[in-house]
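Asker: Structure below; questions to follow.
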Amino acid sequence: MAVLMVLGASGIALAEDSPAARAEKANPNSDPAFEPTVPLKEAAPSPAPEGMVRIPGGEFSMGANVECEGMCSIRGATQDALPIHRVAIDAFWMDATEVTNAEFAKFVGATGYVTVAEQKPSHEEFPTLPPEALVAGSIVFAPTPEAVPLDNYATWWSYVPGACWKHPFGPESDIKGLDKNPVVHVTYEDAEAYAKWAGKRLPTEAEWEFAARGGFAGRLFAWGNELKPGGKFQANIYQGKFPVSGSDTGEDGFKGIAPVAQYAATPYGLYDVAGNVWEWCSDWYRPDAYEKLAAKGLAHNPEGPDSSFDPDEPTTKKRVQRGGSFLCTDQYCTRYIIGTRGKGEVRSSSNHIGFRCVKR
C-alpha cells in the first residue's frame, strides 16, 4: 500500500497511513479540540535496547481539554494543561516499564549511590527545623481513620524516618519479593543519576505525552475514552473512599502499588503510563508553560521552561511529573487523564513517585 508523505509545519516528513493514524480516524470519540497525530515514517534501528520500545516521533496535539474538569470532584486538572498546542517530536527509545526495584538495585550495587531519602537533611536546607527533626526519611501515604476534607493533602501524608527505596514504609519494611515493583522514594536527582548511569536520560514532558498517547489524538485515557471498557479497569488507581484506611477495594486487582506491566500495553508498547506511580520528567514546572509555548507556533522537541515557578509555593523548585499514581481517584486527583500534569519538589520523595527513562 502506498504511503502518503507530507511535510508538516516543521518541515518533517510525516506518514499519514500508519496503523495508529488509521485507527484514530475511525474513532468517533476523539476530542475535536485535538488535531490528528501524524507519526513519522522511519525504520527503527535494531536491535532495540534491552527493555525499551521505539517511539516513532511526529506531530501531535498536546494538553487536556477543559471539559475534563467535570471528571473530578476537585477542580483544576486542566488549568495548567491549556491551551492545547501543536508539538513535533523526533523519534526516540523509551523504557517499556517504570524502573523497577531490581533495576535500581543493580545501579546502587554498581555505584554505591545513596538516595536523598537515605541522607540526613542539612540545617542549611531546612533552617526552621529543630536538630532532632533532621533525620533521613521520606514521605509515606498514611490513610486516615475516617473521612476528611480533601483540601489539605498533608492530612494523608506522613514523613517517616528511615523510609527509602529499599524500606518503602519505614525501617521495618523491605522489598523482598518486590523486584518487579516500580522503585519509589526517588527524588528528581536520584532518577537523573540512575538515567545517566544507564546511558539514558529522563523524558521531556512532550516526549512523555507523545509516547503515552500511542499515536492517538484527544483520547481521555491511554487506552481510549472509557475508564472501564467492558467493566474492566485498565490501570492501577484508587477505588473506595479516599483517603480512608481500609477503603481501597482493589477492584483494579491491587490495593496499593502493583508490579509493572500488569495491564495491557499501549499501541507503542508502554505499560503503566496511567496510575501506579508518578513519573519524573525533565521539564521545570510552570503553570503558564503551555501558554508561552503555544504563542511561538509549532514547537520542535520542546524542553520546557528555563526555570520553575508554582504560585502555590513560589520559592520551591519543582519538576513536572506525569501519569498519576495508585492514589489517583475521581474524588481528588484524576491525573490519569492523559494530558494532565503533576509537579513535585525536586528534593522530595514519596512512596508513589518513580520514573522511566528515554534515549535517542
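The values are calculated or read from the model by the stated rules, or taken from the named source; none is laboratory data. What you see is a predicted model; the values in this text were computed from it and never measured. Quick reminder, even Gly has a Cβ in these numbers, built from the backbone with ideal geometry, and neighbours come from all protein chains shown.
Asker: If you check A195, A163, A206, which single one turns out to be among the aliphatic types (A, V, I, L, M) and touching a Leu at 6+ places or on another chain (Cβ under 7 Å)?
Answerer: None of the others qualify; the one that does is A195.
Asker: Identify, from the list A193, A212, the residue that is over 30 Å from P267 (Cβ atoms), at pLDDT 95 or above, in contact with a Phe, Trp or Tyr (Cβ under 9 Å, 6 or more places away or on another chain) and surrounded by 11 or more Cβ atoms within 10 Å (Cβ to Cβ).
Answerer: Checking each option against the conditions leaves just A193.
Asker: Within the stretch 136-159, how many residues turn out to be surrounded by fewer than 12 Cβ atoms within 10 Å (Cβ to Cβ) and assigned to a loop (DSSP other than H, G, I, E, B)?
Answerer: Of the residues in the stretch 136-159, 6 are surrounded by fewer than 12 Cβ atoms within 10 Å (Cβ to Cβ) and assigned to a loop (DSSP other than H, G, I, E, B).
Asker: Now for a different question. Among the candidates A33, A44, which residue alone is more than 20 Å from P267 (Cβ to Cβ), of a type outside the set (F, W, Y) and either more than 23 Å from the chain's Cα centre (by Cα) or part of a loop (DSSP other than H, G, I, E, B) (or both)?
Answerer: Result: A33 is the single residue among A33, A44 that is more than 20 Å from P267 (Cβ to Cβ), of a type outside the set (F, W, Y) and either more than 23 Å from the chain's Cα centre (by Cα) or part of a loop (DSSP other than H, G, I, E, B) (or both).
Asker: Quick one: how many residues across the stretch 334-360 are outside any loop (DSSP other than H, G, I, E, B), hydrophobic (A, V, I, L, M, F, W, C) and surrounded by fewer than 24 Cβ atoms within 10 Å (Cβ to Cβ)?
Answerer: Count: 1.
Asker: Name the one entry in K180, K176 that is touching a residue at least 24 places away in the same chain (Cβ under 8 Å), of a type in the set (K, R) and closer than 19 Å to E98 by Cα.
Answerer: Answer to the selection: K180.
Asker: Right, something else. Quick check on my filter: what residues within the stretch 297-321 are in contact with a strand residue (DSSP E or B) (Cβ under 7 Å, 6 or more places away or on another chain), part of a loop (DSSP other than H, G, I, E, B) and polar (S, T, N, Q)?
Answerer: Of everything in the stretch 297-321, those that are in contact with a strand residue (DSSP E or B) (Cβ under 7 Å, 6 or more places away or on another chain), part of a loop (DSSP other than H, G, I, E, B) and polar (S, T, N, Q) turn out to be N301, S307, S308, T316.
Asker: Another question, then. Inside the stretch 110-135, can you point out the residues that are closer than 12 Å to W165 by Cα, of a type outside the set (A, V, I, L, M) and not in a loop (DSSP other than H, G, I, E, B)?
Answerer: Across the stretch 110-135, the qualifying residue is only E118.
Asker: Go through (1) surrounded by 20 or more Cβ atoms within 10 Å (Cβ to Cβ); (2) within 23 Å of the chain's Cα centre (by Cα); (3) at pLDDT below 90 one by one and return the number of the condition L14 breaks.
Answerer: Failed condition: (2).
Asker: Okay, moving on. Hey, does the stretch 295-315 have a residue that's touching a Pro at 6+ places or on another chain (Cβ under 7 Å) and either under 21 Å from Y238 (Cα atoms) or of a type in the set (A, V, I, L, M, F, W, C) (or both)?
Answerer: Within the stretch 295-315, none of the residues are touching a Pro at 6+ places or on another chain (Cβ under 7 Å) and either under 21 Å from Y238 (Cα atoms) or of a type in the set (A, V, I, L, M, F, W, C) (or both).
Asker: Let me ask something else about it. Looking only at the stretch 196-209, which residues are surrounded by fewer than 24 Cβ atoms within 10 Å (Cβ to Cβ) and among the charged types (D, E, K, R)?
Answerer: Passing the criteria: K196, K200, R201.
Asker: How do the pairs read when you match residues in the stretch 126-149 that are on the phi < 0 side of the Ramachandran plot and among the charged types (D, E, K, R) with residues anywhere that are surrounded by 10 or more Cβ atoms within 10 Å (Cβ to Cβ) and not in a loop (DSSP other than H, G, I, E, B), using Cβ under 9 Å and keeping only pairs 6 or more apart or on different chains?
Answerer: Final answer for the pair search is E146/V244.
Asker: Also: Just the residues that are touching a helix residue (DSSP H, G or I) at 6+ places or on another chain (Cβ under 8 Å) and either touching a residue at least 24 places away in the same chain (Cβ under 8 Å) or surrounded by fewer than 16 Cβ atoms within 10 Å (Cβ to Cβ) (or both), please, taken from the stretch 304-323.
Answerer: G304, R319, V320, R322, G323
Asker: Taking K200, is it basic (K, R) and under 16 Å from A96 (Cα atoms)?
Answerer: Judged against the criteria, K200 is a match.
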